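The values are calculated or read from the model by the stated rules, or taken from the named source; none is laboratory data. Not measured: the values here are computed from a predicted model. So basically every Cβ, Gly included, is an ideal-geometry build from the backbone, and we count neighbours across all protein chains shown. The accessibility values were calculated without ligands, DNA or RNA, using every heavy atom of the protein model including side chains. Shrake-Rupley method; radii C 1.70, N 1.55, O 1.52, S 1.80 Å.
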Amino acid sequence: MKRGKKTEDAAADEENDTGSASAKKTKKAKEPEAPILYEDPPDKMTCKDGREANMKLTSWNVDGLRAWVKKNGLDWVREESPDVLCLQETKCAEKSLPAAITSMPEYPYKYWAASDEKEGYSGVAMLCKTEPIKVTYGIGKEEHDKEGRVITAEFPTFYLVTAYVPNSGRGLVRLDYRKTWDVDFRAYLSELDIQKPLVLCGDLNVAHQEIDLKNPKGNKKNAGFTPDERKGFTQLLESGFTDSFRELYPEQTNAYTFWTYMMNSRSKNVGWRLDYFVLSSSLLPGLCDCKIRNKALGSDHCPISLHIAV
């Protein structure tokens, strides 16, 4: 997700001491506060009903696949070793994919979706250790599917959907389109959920609640935190789905997955939680853990992983 200048200013506001001019003359400069970082706790491998996790899923907005590969992103993937790796914002046509990823023996089943009209824009991928029963692309609506935003894989007991949700853009130029997307995508997921429960993962381009970004006050009119986008996510959850991270860690603050490259935002942990694993409610008994791997570098997002018994 990209941020406009307004958003950077809003993020910066939180870092600045904003006393009156006279106070500034008489007081010593305020020492900058040490950033509050999120420490990802040890992985929990047992779910509420006592089953052990038997599947690990990882999602990462790589902000350009070719650059991410050059930054050794695949080394981290091999270490994490998920059963399925989902990538967003690949910005790469299939003909231009780096050999380092297309030839990965660990993932013999690889699926790619790219924008039909714009080279180097949007795009998602799914890499699997075991072959899905079926793989489909898009959500069945041409106005949405030309941008390469969704891949759905059917496994024996669930669907896995990876998505790169449209950004409302600087000045909210695409907010009306985003609202249409939210309605149509929710309908698509609800239809799938009737057939089998699902896991949705990816960059959903919304910080749902104030706890999900560092500076909620300064961002209420910015893409990713408008009332309309937040309402769209609430409506998704009300349709029978659950934000797995908040299910497990309802009060956890400072847990973010995106930081703008500007103003040292990542080192200060001035971030947003935009990346999610959303589960059908019927999968909740098998939810073991949802991880934010914020030490992994290579993008302006960090990867997230899900441990689940399915």
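I'd like to verify a number: residues in segment 236-251 that are in a helix (DSSP H, G or I) and open to solvent by 10 Å² or more (accessible area, probe 1.4 Å), how many?
Of all residues in segment 236-251, those in a helix (DSSP H, G or I) come to 236-238, 244-248.
So of that shortlist, the ones also open to solvent by 10 Å² or more (accessible area, probe 1.4 Å) come out as 236-238, 246-248.
Within segment 236-251, residues that are in a helix (DSSP H, G or I) and open to solvent by 10 Å² or more (accessible area, probe 1.4 Å) number 6.
Test Asn254 against the criterion of being open to solvent by 10 Å² or more (accessible area, probe 1.4 Å), over 16 Å from the mean Cα position of the chain (by Cα) and on the phi > 0 side of the Ramachandran plot, and give yes or no. Give the steps one after another, and end with the answer.
Numbers: open to solvent by 10 Å² or more (accessible area, probe 1.4 Å): yes; over 16 Å from the mean Cα position of the chain (by Cα): no; on the phi > 0 side of the Ramachandran plot: yes.
Here the answer is no, as Asn254 does not meet what is asked.
Criterion first (part of a loop (DSSP other than H, G, I, E, B), within 17 Å of the chain's Cα centre (by Cα) and modelled with pLDDT of 95 or more) does Phe233 satisfy it? So Phe233 fails the test.
Just to confirm my filter: which strands (runs of 3 or more DSSP E) fall fully inside segment 107-147 and include at least 3 residues that are farther than 23 Å from Asp75 by Cα?
134-137
This table checks each residue for (1) of a type in the set (Lys, Arg); (2) part of a loop (DSSP other than H, G, I, E, B); (3) without any contact (Cβ under 8 Å) to a residue 24 or more places away in the chain.
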{"position": "Met263", "(1), (2), (3)": "no, no, no"}
{"position": "Leu279", "(1), (2), (3)": "no, no, no"}
{"position": "Leu283", "(1), (2), (3)": "no, no, no"}
{"position": "Lys291", "(1), (2), (3)": "yes, no, no"}
{"position": "Asn294", "(1), (2), (3)": "no, yes, no"}
{"position": "Gly298", "(1), (2), (3)": "no, yes, no"}
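Tell me, yes or no, whether segment 84-99 has at least one residue that is assigned to a strand (DSSP E or B), among the β-branched types (Val, Ile, Thr) and either open to solvent by less than 20 Å² (accessible area, probe 1.4 Å) or on the phi > 0 side of the Ramachandran plot (or both). Yes, there is a match, as at least one residue in segment 84-99 is assigned to a strand (DSSP E or B), among the β-branched types (Val, Ile, Thr) and either open to solvent by less than 20 Å² (accessible area, probe 1.4 Å) or on the phi > 0 side of the Ramachandran plot (or both).
Here is a yes/no grid of residues against (1) open to solvent by 10 Å² or more (accessible area, probe 1.4 Å); (2) closer than 16 Å to Pro35 by Cβ:
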site: Glu229; (1), (2): no, no
site: Ser265; (1), (2): no, yes
site: Lys268; (1), (2): yes, yes
site: Trp272; (1), (2): yes, yes
site: Leu283; (1), (2): yes, no
site: Gly286; (1), (2): no, no
site: His301; (1), (2): no, no
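So that you can scan it fast, the table gives a plain yes or no per residue for (1) open to solvent by 20 Å² or more (accessible area, probe 1.4 Å); (2) at pLDDT below 95; (3) in contact with a strand residue (DSSP E or B) (Cβ under 7 Å, 6 or more places away or on another chain):
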residue: Pro166; (1), (2), (3): no, no, no
residue: Arg174; (1), (2), (3): yes, no, no
residue: Asp184; (1), (2), (3): yes, no, no
residue: Leu189; (1), (2), (3): no, no, yes
residue: Leu198; (1), (2), (3): no, no, yes
residue: Leu204; (1), (2), (3): no, no, yes
residue: Ala207; (1), (2), (3): no, no, yes
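Cβ-Cβ under 9 Å, sequence separation 6+ or interchain: first residue in segment 138-149 and farther than 15 Å from Tyr111 by Cα, partner among the acidic types (Asp, Glu) and open to solvent by less than 80 Å² (accessible area, probe 1.4 Å). Which pairs? Pairs that qualify, where the first residue is farther than 15 Å from Tyr111 by Cα and the partner is among the acidic types (Asp, Glu) and open to solvent by less than 80 Å² (accessible area, probe 1.4 Å), are Ile139/Asp145; Ile139/Asp184; Gly140/Asp184; Lys141/Asp184; Glu143/Asp184; His144/Asp184. A Cβ distance below 8 Å, combined with a sequence gap of six or more or placement on separate chains, defines the contacts here; from segment 214-227, residues that are over 16 Å from Gly169 (Cα atoms) reach residues that are outside any loop (DSSP other than H, G, I, E, B) and at pLDDT 95 or above in the pairs Lys214/Trp272; Pro216/Glu210.
Taken over segment 120-164, the criterion of being open to solvent by less than 10 Å² (accessible area, probe 1.4 Å) and in contact with a Gly (Cβ under 7 Å, 6 or more places away or on another chain) is satisfied by Ser122, Gly123, Val124, His144, Gly148, Val150, Thr162, Ala163.
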